Every structure is written in structure tokens, then in C-alpha cells.
Amino acid sequence: MQDTQMRRLYEAPAYDPAWPKSHWRASHPAPFALPPLEGEATADIAVIGAGFAGLNAALEAARESGARVVVLDAVQPGWGASGRNGGFCGYGGAKLSDAAIVARVGRDGARDFRDFQRAAIAHVGALIDDNGWNARQGPEGEAVLAQSPKVWAGFAQEARELQALYGETPELVAPGALAERGLSGPGFHGALILNEGFPLDPMAYVEGLARLALAAGVRICGESPVTAIAPDGGGWCLTTPGGRLRAPKVLVATNGYSSDDLPRWIGGRNLPAFSAVLVTRPLSDAERRDQGYTDPRMAFDARKLLHYFRHLPDGRFLFGMRGGTSGTQAAHRGMETQVRRHFEALFPAWAGAATEHTWSGFVCLTGSLAPFVGEVPGAPGLHAAFGWHGSGVAAASYSGRQIGRLMTGKPAHLPDLVRRVPRRFPIASLRRTWLRLAYAGYALKDGPLPGA
């Protein structure tokens, strides 16, 4: 199982080691500058990727089991998806509908996965609160907004299904009540309110995790991209530009920033997909009232190519969306234009509110539309945790904790859904083509933007 080079799906600019010009980076202007791996080193556990999953795994293994853990990151903690997302700590992880999850793992399996999601949210909240990190950014709960009367009509059935399957009682907000609830907009036709989850500052959270891991004795090496993974006696040898790290157990936690060669098993099982985000200048109270959108909760619409958005504590507004199938600089500029156009269509009263920051990053899909958390088949000691499908703040964090337990011989809460090995995408070399076709179909199904 020799792997000798990095092979990634997109053009090189998508993996530029420079920090993205994001609101989160601007809000935390002194990033970590942890030194790279130099020379020969050993560990009980090696972790590739200093994001939510990798740092939670390292922290669990070091603090609860006393393992010697070394984390290798291509840049620094928070450079990847963990520092680029919208800060939505809520339900998620899989791209499957509840009915599809039941079909795959049964009703008990679906309930176990829902319990897993609830535990994931609680895990992140406890880390933030117990350590006094200034990361929470709003109230609990999230709003799902219908983009058409037809979608709104289906929300009632969805609410009944959530009650029957999970015992949850979401609130339905009729179209005529949206304005009084501060959920008004030309593209919204009713809402379903879930009670779980909360918004956070992802950079404050990931940097808090890194500091906590360092305090627990974890060694984190920045500027240390892993260029090869190879069996080494009873364990594994990881090669970086400056050194080699040997460990009997390894966790690959690079999600959408993975290479198809590291390990070769992962190639074709994952599909990185772009998500673009903008943050406006601060909005005045009058501007918020003019639009009619004042609700402070996390929110997203029910489109396949969803939009997600929320007010930030300082008055700014965050808006993100899926899209883009190229990593070139020109394509990135196109994504910036597109996300602004969609923002103005859904929130026209704020068309004059300038964009202060725009950035993009990868979410990660799998061929089975569910995460994978476990040992790589046929490779004893080699583990992976990836595939959060754009909702990984909670799921990746808790999965990291559980894989940290698994790697140190402790009981772990890993539902059947996430332990199943994801299938490969058909003709994996054409993944970007499949994505383009899927996006075209989703756009037709989602319907036009308001005013189009």
C-alpha cells in the first residue's frame, strides 16, 4: 500500500496554502505558527489534519488515554474547512433523507444516528462552555425556509415524520406569519423551526481545540503536508517535506482536502465540492427591519443547492451557497459574483450593503452520501473520518472524539450508518462531470431565484 504522491481533484489554486481572506481570519489576525516536522519522529497515534475531527481525536486520545499523539497539518490549524465554514453547529453529516437512512440501516439505526447528531451538538457546546471560549454567536435552533409554496406544503408531512421517527416537535411558521417572526423575504414561503443546534465562530472553536490539545501534550506540526503513507513493520510511516513520522495507528482526517493517493483506498470514494461564503458590512437595525429578516437563528432554505445564512453578533450578515466545479482563480471570481447575485435576490433590501469578505472552501461528499468513521479495510491501524456533506461542525467533532476512543481501545459511539464503508463514485475520474450534471438537475428542480 505504497503511496508516493499527492493527487487532488481540482486545480492547484484551490489548495493554495495562503490563508483565505475570510471574515473569520480577519477576526483572528494572529494565526498559529506551529513549526513543521523535522527529522525522524515516533508516536502512538499520528493524525493527518488539524481540523475539527483531527483535533478532537488527538485530544481524546491524549487526555483520556495518555497516548503520544502527533498531528500533521499541511498549513496550520483552521486553514481548511474547519476555518472556512459558516459556523452552523447543528444536525447533519449525511446527505441522505430520513427515509433513505431508514431504508439503509432500519428505524433503530436511523434513531441511533439522530442520537449521534444530538450528542455531537452537545459535545461541541460543552467544549465551548467548559473552556470559556468566546465562540457561541446566537440562540439555539435553526430555521428551514421553503423556497416555494409546493415545498411549504411538504413541511407539514416532514414535521409529522420527525415526530413519528425521532419524537421531535418542530414548529411550523405559515407564510403569513413570517414577517412577524422576522423571517421575511421574497424567496421564502413558510418555515420549519428545529430546536437543536447553535451558531458559532468556527475559528475561535478550532483554535481553542488546538490550544487544548497542545496543553494535553499533543504535538501539532504546521507546514507539514503528508506526501506519502506506507506500511512500516507493524505500523505506518508518514513522509513530509521535512521528516518522517512512524506510528502504529494513523487517522486521516483531511475531508475535502484529501489527496486521492493518501491513502489510495480513499480515491474515488470522496468528492470535494465548493461552498462559497460572503459577509456584509454591519447592517443597521433599520436596514434589518426594511428587509423584514431579523431572526438571529441559523437558517437555510430547502433547495438542493441550498443557501445558508445568519446574522452575526456584530451586525454583519453571513450568506453562503453551494456551487462551482473548478478551482481556477477565474472560477473563484465567478463564485464570488454568483454568491453576491443570489444574496441580493433573496435579500434585495440589502443590495446596497457592501461585501467585506468573500471566500470559498470544500465540503466533502462520499459515494454513499454518508460519513465514514472507522478503520480502513485491509489496512490494520489506518483509520479515516470524512464525508460530512457540508454539515460537519458537530458531526466531525464528535466523530473525531469517537475515533480517538476507538484507536485507544475504548468503547465508541459510532452508528451503523457511519461505520459502513462508502462505495466509490462510478468512473471516479469523472466525478467533476457528475457534479456538473447534478448541479444542472438540482437547479431545474429548485426553480428560479426571486425576480428571475
Kindly provide the set of residues from the range 332-369 that are of a type in the set (A, V, I, L, M, F, W, C) and under 17 Å from the mean Cα position of the chain (by Cα), ordered by number.
Trp359, Phe362, Val363, Cys364, Leu365, Leu369
Does Ala210 satisfy the criteria of being buried (at least 19 other Cβ atoms within 10 Å of the Cβ), aliphatic (A, V, I, L, M), part of a strand (DSSP E or B) and on the phi < 0 side of the Ramachandran plot?
no
Here is a check on your reading of the model: is Ala53 assigned by TED's automatic domain parsing to the domain that holds Lys21, touching a strand residue (DSSP E or B) at 6+ places or on another chain (Cβ under 9 Å) and surrounded by 24 or more Cβ atoms within 10 Å (Cβ to Cβ)?
yes
Please go through the range 343-357 and give me each residue that is touching a residue at least 24 places away in the same chain (Cβ under 8 Å) and surrounded by fewer than 22 Cβ atoms within 10 Å (Cβ to Cβ), ordered by number.
Ala345, Pro348, Ala349, Trp350, Ala353, Ala354, Thr355, Glu356, His357
What are the pairs with Cβ atoms under 8 angstrom where one residue, in the range 30-59, is β-branched (Val, Ile, Thr) and the other, located anywhere, is modelled with pLDDT under 95 and surrounded by 24 or more Cβ atoms within 10 Å (Cβ to Cβ)? Sequence gap at least six, or different chains.
Ile48/Leu262
Single unsatisfied condition, Ala230 versus (1) in a strand (DSSP E or B); (2) in contact (Cβ under 8 Å) with a residue 40 or more places away in the chain; (3) farther than 30 Å from Tyr15 by Cβ
(3)
Kindly indicate which of Thr325, Thr358, Thr337 is closer than 30 Å to Leu9 by Cβ and in contact with an Asp or Glu (Cβ under 8 Å, 6 or more places away or on another chain).
Thr358
Taking only pairs six or more apart or across chains, which ones have beta-carbon atoms under 6 Å, a first residue in the range 400-421 that is in contact (Cβ under 8 Å) with a residue 24 or more places away in the chain, and a second residue that is outside any loop (DSSP other than H, G, I, E, B) and hydroxyl-bearing (Ser, Thr, Tyr)?
Thr408/Ser65
Residue in the range 397-450 that is farthest from Ser326 (Cα to Cα), counting only those that are in a loop (DSSP other than H, G, I, E, B) and small (Gly, Ala, Ser)
Gly409
Here are Gly242, Gly315, Gly334, Gly235: which of them is surrounded by fewer than 17 Cβ atoms within 10 Å (Cβ to Cβ), in the same structural domain as His389 (by TED's automatic domain parsing) and either out of contact with any helix residue (DSSP H, G or I) (no Cβ under 8 Å at 6 or more places or on another chain) or at pLDDT below 95 (or both)?
Gly242
Which residues, counting only those in the range 278-297, are surrounded by 15 or more Cβ atoms within 10 Å (Cβ to Cβ) and in a helix (DSSP H, G or I)?
Glu287, Arg288, Gln291
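The values are calculated or read from the model by the stated rules, or taken from the named source; none is laboratory data. A quick note: this is a predicted structure, and the numbers were derived from the prediction, not measured. Note that each Cβ is placed from the backbone with ideal geometry, even for glycine, and that neighbours are counted across all protein chains shown.
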